[in-house]
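Before any comments, here is the structure.
The values are calculated or read from the model by the stated rules, or taken from the named source; none is laboratory data. Source: prediction; values computed, not measured. So basically every Cβ, Gly included, is an ideal-geometry build from the backbone, and we count neighbours across all protein chains shown. The protein model used for the area step is the full one, side chains on, heavy atoms only, and it has no ligands, DNA or RNA in it. Shrake-Rupley method; radii C 1.70, N 1.55, O 1.52, S 1.80 Å.
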Amino acid sequence: MTMFRSVVSGCGSYLPEKVITNKQMEDIVDTTDEWIIERTGIRQRHIAADDELTSDLAIKAAQRALEDAKISAKDIDLIVLATSTPDQTFPSTATRVQAALGMETGAAFDVQAVCSGFIYALATADNFIRAGQAKNALVIGAETFSRILDWEDRTTCVLFGDGAGAIVLSAEVGEGTNQDRGVLSSHLHSDGRYNDMLYVDGGVSSTKSTGYLRMKGKEVFRHAVVNLANVVKEALSFNNFTADDVNMVIPHQANKRILDATIRKLKISPEKVAVTVQKHANTSAASIPLALDEVVKANRIARGDIVVLEAMGGGFTWGACLIRW
């Protein structure tokens, strides 16, 4: 049975120029380079300039993805932008990107699933393409998490950074089997009972303020390893694959220890895993497309490869997408 598949036709990313190393963090908060590396694997993070908005990062990543796909903004029918740090309460950051790119038709909107946001956005765009409602879609993850950090809380401020990544999804006709190119399946989950383990203590309706990120690290770690391993197994099983069939895993770059524990649980070779957390820290919804762009540019993914994207974020939310490149 023929069907539309969403093939990744272009990738792009952008990181702010300002870099804060762990050594510089020692001058900001009571921490050490050794402690940060041992607990997280992070060595530095990029921080947006004062006049640099989430939309600015997203626009640059989107332009690079369009260039890589060799299409123009006029060919885009849909923009789905994942962010927890929008420019404004409304309108959506996606519409600012739409205007800057010169896209005057179609639709643009944000999704919010924190660190799982890019997976949710990708699943959303894929379903539009499967339904025949879009031929080319921009999927973007963009964050300025530095704006919601308590820079006096050493347990959280060392973990996060800013950045943006984007991909272009283009419709191609497939046969409806696991041999098709493109997104083969997406698997999304959430469990709102765990709100207080990872959240921001502010909001329009609750405090009329932005608030700061708060996290119970040990509990998040425990849930992350279990949930991420399970959702990857779910994606593989759904498509009649095993861990041996996987060529590349692009995980959410939260913490090197979470990455290592999840991969051990899945029994996937570390050589098949993209790791960029040491350079970017946790960029929330931007982390997967940032890592994906890096491995694509390094020619670590070949046509026909099985690629798994996976993430977990506040909510809790978690999910995975399985793609044949």
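Shape summary: segment 138-241 maps onto an equivalent ellipsoid whose semi-axes, from the alpha-carbon gyration tensor, are 34, 19, 13 Å in decreasing order. Of the residues 41, 239, 142, the one whose Cα sits farthest towards the positive end of the charge dipole of the chain is 239 (charges of +1 on Lys and Arg Cβ, -1 on Asp and Glu Cβ, taken about the Cα centre). Using C-alpha pairs below 8 Å separated by at least 6 residues, the relative contact order for segment 183-325 is 36 percent. Look at the dipole of the chain built from charges on Cβ: of 263, 318, 118, the Cα furthest out on the positive end belongs to 263. Taking one quarter of the surface of the convex hull spanned by the alpha-carbon atoms of the chain gives a direction-averaged projected area of 15.4 nm². What you get for segment 47-203, charging only the Cβ of Lys and Arg (+1) and of Asp and Glu (-1), is a dipole of about 480 debye around the Cα centre. Separation of segment 126-192 and segment 259-295, taken as the distance between their Cα centroids, equals 14 angstrom. Grab the DSSP H runs of the chain that are 4 residues or longer, score each as -39,500 (n - 2.57), total them, divide by all residues and round the 222 nm result to the nearest 500 deg cm²/dmol. Per the formula, -9000 deg cm²/dmol.
Among the DSSP beta bridges whose two residues both lie in the chain, what percent are antiparallel, rounded to the nearest 5? Approximately 75 percent, going by the DSSP bridge assignments. Charge dipole of segment 177-325 (Cα centre as origin; +1 on each Lys and Arg Cβ, -1 on each Asp and Glu Cβ, all else neutral): 320 debye, rounded to the nearest 20.
In a reduced charge model with +1 at each Lys and Arg Cβ and -1 at each Asp and Glu Cβ, the chain shows a dipole moment near 720 debye about its Cα centre. The apolar share of the surface of segment 57-170, taken as the fraction of accessible area on carbon and sulfur atoms (1.4 Å probe, ligands and nucleic acids excluded), comes to 48 percent. Please list the helices of the chain that count as membrane-span-like by this rule: a mean Kyte-Doolittle hydropathy of at least 0.0 together with Cα atoms stretching 30 Å or more along the helix axis, each helix being a complete DSSP H run. Helices passing the filter in the chain: 217-238.
The Cα atoms of segment 41-87 give a gyration tensor whose axes a ≥ b ≥ c have a/c of 1.5 or more with a/b greater than b/c, which makes the shape prolate. Per residue, the solvent-accessible area of the chain (1.4 Å probe, heavy atoms of protein chains only, all protein chains present) comes to 43 Å². Legend: residue pairs 23/256; 135/265; 265/297; 216/279; 233/297; 18/267, Cα-Cα distance threshold 30 Å; pairs beyond threshold, 135/265; 18/267. Suppose R0 equals 25 Å. What FRET efficiency, 1/(1 + (r/R0)^6) with r the Cβ-Cβ distance, do residue 24 and residue 147 give to the nearest 0.05? Calculated transfer efficiency: 0.85.
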